[in-house]
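The values are calculated or read from the model by the stated rules, or taken from the named source; none is laboratory data. As the structure is a prediction and not an experimental result, all values here were calculated from the model. Here the Cβ is made from the backbone with ideal geometry for all residues, glycine too, and neighbour counts use every protein chain on show. Areas reflect the complete protein model, heavy atoms only, side chains present, ligands, DNA and RNA absent. Shrake-Rupley method; radii C 1.70, N 1.55, O 1.52, S 1.80 Å.
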Amino acid sequence: ALWGLHQAADHDIDAPEAWEEQTGSAAVKVAVVDTGVAYDHPDLAGNMLPGYDFFEGDADPRDEHGHGTHVAGTIGALGNNATGVAGVNWDVSLLPVRVLGADGSGTVETVANGFVYAAQQGAKVVNASLGGDGESQAMKAAIDAAAATTLFVVAAGNAGGDNDDSPMYPCSYPSPNLVCVAATDETDALAEFSNYGDTSVDLAAPGVDIESTWLGYTTVFTETFETDLAGRWAGGGMPNTWARTSAKAATGSFSATDSPAGNYQNLTNNWLRLTVPLDLRGRKGCYADYAISLAIDDDNDFVILEVRPEGAVWMEVDWFSLDTPGGGFE
């Protein structure tokens with residue numbers, strides 16, 4: 001499954017053969033400047049160091065997206081431990097530096113701050129599988145200031161374009177301690193999505209269908225509406241017609257509906273919420289996975305998903321209008 005670590009094409013990546021000689025060293029510190037890392041992941045925890053979150057400005061660089069954890073596993077997942085995958089380095093010191101949010105986006109400022117921090121913490125290598133078309137002198141200065149101590153390994157980008165014509169940063173900085181990497185597939189061909197560039201891109205490495213570590217989630221609450229709503233769900237608003245229905249179901253036989261008798265009434269404003277709020281204290285990166293089926297009037301009617309942190313007002317996190325495709329779940 002880990003084809004990229006033992007590529008059978010002409011330009012072999014012979015990790016198994018290399019592991020016969022050595023499997024890395026904890027003396028080598030590699031910073032993962034990304035969306036953060038699931039630092040308590042069982043295949044990563046033994047190689048993790050304390051890091052920092054520049055996106056939220058605290059000392060908890062937990063990954064809320066998944067990309068940084070995936071990258072960390074490729075670099076340094078524990079090997080020969082009968083768990084998950086093996087990284088290029090079985091032994092390494094991984095420094096998690098969060099500079100991107102849960103949606104994978106960030107700013108040149110957070111990235112530049114992450115670069116400065118990683119170098120100050122003694123990282124020999126900084127991996128930054130990120131980029132954009134915004135040039136930043138602060139980011140370049142952070143890279144250049146660490147020229148004598150730190151190698152920056154960055155991504156070419158995933159837009160399928162020529163970085164020589166349309167620069168992507170940090171890939172296109174001419175810094176001597178920066179290596180920009182394109183992606184290849186199992187045939188050693190340039191990946192269809194990968195950027196390239198005769199001048200700006202230095203080398204290519206496997207980047208298609210790469211298996212690695214990912215986020216793990218604990219299920220705090222689940223609901224299939226197989227029993228009556230009473231005692232667990234409270235309906236409200238007007239006309240407050242919430243009930244169970246067997247007309248549609250994502251799993252099992254039932255779902256909750258605001259219009260059990262047919263089409264919803266004019267001037268309807270119904271809401272449904274848990275009678276006992278979920279206790280999410282100490283948790284981070286929480287998400288709601290749900291199924292919904294609806295048919296409502298465009299621009300006039302909406303279905304809204306809201307959350308309310310303790311002591312705060314209700315906040316909209318998702319909304320729907322029109323119909324779900326084919327009237328089904330999504």
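For the range 159-298, the orientation-averaged shadow of the C-alpha convex hull comes to 15.5 nm² (one quarter of the hull surface). Sites counted here are trypsin sites (Lys or Arg not before Pro) in a DSSP loop (not H, G, I, E or B) having no more than 13 other Cβ atoms within 10 Å; the longest part of the chain that contains none of them is 1-231. Each residue of the range 75-89 was assigned a 3J(HN,Hα) from its phi angle through the Karplus expression (A = 6.51, B = -1.76, C = 1.60, θ = phi - 60°), giving 6, x, 5, 4, x, 6, 10, 6, 9, x, 10, 10, x, 4, 10 Hz with x at Gly and Pro. Local charge sum around residue 180 (other residues, Cβ-Cβ under 12 Å, Lys/Arg +1, Asp/Glu -1)? Net charge around residue 180: -3.
Mean projected area of the Cα convex hull of the range 1-117, taken over all directions, amounts to 8.0 nm².
In the elastic network of the chain, a GNM with C-alpha springs shorter than 10 Å, the most mobile of 250, 112, 128 is 250.
Keeping the other protein chains in place, figure out the carbon and sulfur percent of the accessible area of the chain, with a 1.4 Å probe. Ligands and nucleic acids excluded, carbon and sulfur give 51 percent. Given R0 = 35 Å, the distance between the Cβ atoms of residue 198 and residue 289 translates into a calculated FRET efficiency of 0.20. For the chain, the convex hull drawn through the C-alpha positions has a volume of 187 cubic angstrom per residue.
Per residue, the convex hull spanned by the Cα atoms of the range 29-68 measures out at 70 cubic angstrom.
Quick one: of the DSSP bridges fully inside the chain, what percent are antiparallel, nearest 5? Here the antiparallel bridges make up roughly 45 percent for the chain. Using the Karplus relation 6.51 cos²θ - 1.76 cosθ + 1.60 with θ = phi - 60°, the per-residue 3J(HN,Hα) values for the range 234-249 come to 10, x, x, x, 9, x, 6, 10, 5, 6, 7, 9, 9, 5, 9, 7 Hz, with x marking Gly and Pro. For the range 225-328, list log₁₀ I(q)/I(0) at each q in 0.18, 0.23, 0.24 Å⁻¹, using the Debye formula over Cα point scatterers of equal strength and ignoring solvent, two decimals each. Values, matching the q order: -1.07, -1.62, -1.69.
Helix 108-120 and the long axis of the chain differ in direction by around 50°, with both axes built from C-alpha atoms. Partner lysines whose Cα lies under 28 Å from the Cα of residue 124, excluding those fewer than 8 positions away in the same chain, are identified as 29, 140. Considering all different alpha carbon pairs of the range 57-197, the Kirkwood hydrodynamic radius works out to 16.0 Å. In order along the range 259-272, the phi-based Karplus estimate (6.51 cos²θ - 1.76 cosθ + 1.60, θ = phi - 60°) of 3J(HN,Hα) comes to 9, x, 8, x, 5, 5, 7, 5, 6, 6, 8, 8, 9, 9 Hz; Gly and Pro are listed as x. Anyone know which of 56, 109, 306 comes out most mobile in the 10 Å Cα GNM of the chain? Among 56, 109, 306, the largest GNM mean-square fluctuation belongs to 306.
Close amide H pairs (under 5 Å, H built 1.01 Å from N) link residue 248 with 255, residues at least 5 positions away or on another chain.
A 1.4 Å probe run over the chain, with the rest of the protein chains in place, finds 55 Å² accessible per residue. Net charge in the neighbourhood of residue 79 (other residues with Cβ under 13 Å of its Cβ; Lys, Arg +1, Asp, Glu -1) is -3. Between amide H atoms placed 1.01 Å from N, distances below 5 Å from residue 270 occur with 238, all of them 5 or more places distant or on a separate chain.
Close amide H contacts of residue 306 (hydrogens built in the peptide plane, cut-off under 5 Å, sequence separation of 5 or more or a different chain): 317. Comparing 118, 15, 243 in a Gaussian network model of the chain where C-alpha atoms under 10 Å apart are linked, the largest mean-square fluctuation is found at 243.
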